[in-house]
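*Asks:* One structure, pasted below without further comment.
The values are calculated or read from the model by the stated rules, or taken from the named source; none is laboratory data. From a predicted model like this one, the values you see are computed outputs, not experimental measurements. Reconstructed Cβ throughout: ideal geometry from the backbone, glycine too, with neighbour counts over all protein chains shown.
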Amino acid sequence: MDKIQTILTAMRADMIPAQERGRWSVSKGEITIERAESFKRLALAKKCPAVDAGHYTWLHCLTLATMHRPPGETVMNDFGHELRKHLEFILLARGRVLVTGLGLGCVVRGLLAHGMVEHIDLVERSEDVIAMCAASVADPRVTLHHRDALAGAMEGEWDFAWHDLFNEPERGDKALQVMHAQLISMYFDQVPRQGAWAMPRRHFKGLLKSGRDVWRAKNRPRKREGTLESHR
């Protein structure tokens with residue numbers, strides 16, 4: 001098994017059992033061969049990503065908008081295409097890493113499987129999500145902080161950060177990209193390389209290079225057109 005497949009396998013949430021706690025729940029299910037073929041046809045029509053046949057795990061939350069249809073909104077799952085959205089960050093991350101948002105623990109398990117991190121500080125505000133999913137990331141290299149990530153920056157410095165929160169507009173949360181942008185700004189001086197779920201790719205790549213360098217590049221005096229540096 002190559003390194004990429006090892007990481008993707010570790011990211012799966014097979015070890016988390018189906019359960020309910022408060023407004024949150026974890027469910028298990030199977031994508032049959034027939035349904036996978038249906039997904040494939042939809043993917044060819046560019047209506048949704050393809051999903052391989054197999055057993056998967058979902059994390060749900062009963063929001064104000066979905067109270068009438070349990071188990072509520074799907075917050076995340078461990079479909080292959082969903083896991084790969086985090087893969088670029090996992091392969092780049094080194095040293096001390098800050099992760100905001102536990103979810104099914106996929107990102108943290110991927111980081112641990114890659115083996116390039118020294119320590120992970122993991123932030124999660126939901127006591128129910130912690131109770132259901134924290135055991136799946138239990139490791140001496142992981143410190144779990146039960147707190148609201150947006151309540152203020154924690155003390156410390158990290159080499160990389162990944163932000164992946166869940167927002168509920170009905171309860172007053174801002175748009176997801178706004179929340180992630182707030183976190184990136186909040187940790188601007190403490191983490192040189194940051195990324196976030198649902199951030200536009202042009203910002204994601206720049207942020208992974210260095211938030212400080214991106215700021216300097218945007219705010220330095222513009223060179224006159226026609227010079228070599230203006231076309232770099």
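*Asks:* Which one is modelled with the lowest pLDDT, of the residues in segment 1-52 that are surrounded by 15 or more Cβ atoms within 10 Å (Cβ to Cβ), small (Gly, Ala, Ser) and part of a loop (DSSP other than H, G, I, E, B)?
*Replies:* 50
*Asks:* Within segment 80-96, restricting attention to residues that are surrounded by 15 or more Cβ atoms within 10 Å (Cβ to Cβ) and touching a strand residue (DSSP E or B) at 6+ places or on another chain (Cβ under 6 Å), which residue is farthest from residue 13 (Cα to Cα)?
*Replies:* Going through the qualifying residues, I end up with 96.
*Asks:* Go through (1) assigned by TED's automatic domain parsing to the domain that holds residue 9; (2) within 27 Å of residue 171 (Cα to Cα); (3) over 18 Å from the mean Cα position of the chain (by Cα); (4) of a type outside the set (S, T, N, Q) for residue 127 and report which single condition fails.
*Replies:* Exception for residue 127: condition (1).
*Asks:* Which of the numbered conditions does residue 74 fail, given that it passes all the others? Conditions: (1) without any contact (Cβ under 8 Å) to a residue 24 or more places away in the chain; (2) assigned by TED's automatic domain parsing to the domain that holds residue 15; (3) in contact with a Leu (Cβ under 9 Å, 6 or more places away or on another chain); (4) surrounded by 16 or more Cβ atoms within 10 Å (Cβ to Cβ).
*Replies:* Failing condition for residue 74: (4).
*Asks:* Right, next: Please verify whether segment 39-60 includes one or more residues that are outside the structural domain of residue 173 (by TED's automatic domain parsing), touching a residue at least 60 places away in the same chain (Cβ under 8 Å) and either more than 15 Å from residue 106 (Cβ to Cβ) or in contact with a helix residue (DSSP H, G or I) (Cβ under 6 Å, 6 or more places away or on another chain) (or both).
*Replies:* Initially, segment 39-60 is screened for residues outside the structural domain of residue 173 (by TED's automatic domain parsing), giving 39-60.
So of that shortlist, the ones also touching a residue at least 60 places away in the same chain (Cβ under 8 Å) come out as 59.
Cutting the leftovers down to either more than 15 Å from residue 106 (Cβ to Cβ) or in contact with a helix residue (DSSP H, G or I) (Cβ under 6 Å, 6 or more places away or on another chain) (or both) gives us none.
Within segment 39-60 (the criterion being outside the structural domain of residue 173 (by TED's automatic domain parsing), touching a residue at least 60 places away in the same chain (Cβ under 8 Å) and either more than 15 Å from residue 106 (Cβ to Cβ) or in contact with a helix residue (DSSP H, G or I) (Cβ under 6 Å, 6 or more places away or on another chain) (or both)), the answer is no, since none of the residues qualifies.
*Asks:* With the requirement that a residue be over 17 Å from the mean Cα position of the chain (by Cα) and not small (Gly, Ala, Ser), what does segment 160-197 give you?
*Replies:* Once the filter is applied, which keeps residues that are over 17 Å from the mean Cα position of the chain (by Cα) and not small (Gly, Ala, Ser), segment 160-197 yields 169, 170, 171, 173, 174, 186, 188, 189, 190, 192.
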